[in-house]
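Scroll down for the structure; my scribbles are underneath it.
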Amino acid sequence: MDSYKAERERMIEHQIAGRGIKNKDVLEAMRSVPRHLLLPKSDWDYAYGDFPVRIGSGQTISQPFIVALMTELLDVRPADRVLDVGTGSGYQAAILAELASEVHSIERYPDLADSASKKLASLGYTNIHVHTGDGTLGYPPAAPYDRIIVTAASPSIPEALLSQLANEGRLVIPVGSRHLQHLEVWNRKGDDFRHESSIPVVFVPLIGEQGWDAND
């Protein structure tokens, strides 16, 4: 029995649908994924709160509304192949896996990648592939991707990610300074890339060759 089902329903009602998320598939994915099972047991009671939760290695799991908003902006279709940059707890990858045919998720920290991979497997996800590496470089072996989502803040758009975006593809990423960013939505048509900005956000930095330097 899922004792946290009522918590998820309240999360949907007050934090997500209550703030304007309308995509029914996104709402159903958020309703279906047991967010608490992707966190340490000691943090289960905080899993559905309206705030980020620390998951180790200086990383966080984003508050539910931000996960829902970025997923809605990504506009995932059932046949899509998705790249998730910044696996973290694995929660975003699980949401994407409910919507897409295949998800490749890349994480800089081996301990987080290993933990997320095991938890996602225990939940029965067979369409998620977790990799360890520099997320700013994407994951070329499985490219191109119909959708790319980045859950850490970059000073600019990593060219590697744009190059791995399929024609008619879409990328959602927070871009800005270390302390404040805006969500940006990039769309590709042939060799043309167009983008627009969404709300201001604050994410942990995207560390890597085409992101922030770890020593900055």
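The values are calculated or read from the model by the stated rules, or taken from the named source; none is laboratory data. Keep in mind the model is a prediction, meaning the values are calculated, not measured. Don't worry about glycine lacking a Cβ; one is built from the backbone with ideal geometry, like all the others, and counts go over all protein chains shown.
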Within the stretch 50-97, work out how many residues are modelled with pLDDT under 95 and hydrophobic (A, V, I, L, M, F, W, C). 4
Among the residues of the stretch 18-34, write down those that are closer than 19 Å to Ala94 by Cβ and part of a helix (DSSP H, G or I). Lys24, Asp25, Val26, Leu27, Glu28, Ala29, Met30, Arg31, Ser32
Given the conditions (1) surrounded by fewer than 24 Cβ atoms within 10 Å (Cβ to Cβ); (2) in contact with a strand residue (DSSP E or B) (Cβ under 8 Å, 6 or more places away or on another chain); (3) under 27 Å from Gly20 (Cα atoms); (4) not aromatic (Phe, Trp, Tyr), report the number of the one that Ala94 does not fulfil. (1)
Note on Ser32: of the conditions (1) closer than 24 Å to Ala153 by Cα; (2) touching a Lys or Arg at 6+ places or on another chain (Cβ under 9 Å), unmet is (1)
Test of understanding: among Thr87, Thr71, which residue is in contact with an Asp or Glu (Cβ under 6 Å, 6 or more places away or on another chain) and within 23 Å of Ala100 (Cα to Cα)? Thr87
Filtering strands (runs of 3 or more DSSP E) wholly in the stretch 39-129 for at least 3 residues that are in contact (Cβ under 8 Å) with a residue 40 or more places away in the chain gives 81-85
Identify, from the list Ser154, Ser101, Ser163, the residue that is under 26 Å from Gly56 (Cα atoms) and either modelled with pLDDT of 95 or more or surrounded by 21 or more Cβ atoms within 10 Å (Cβ to Cβ) (or both). Ser154
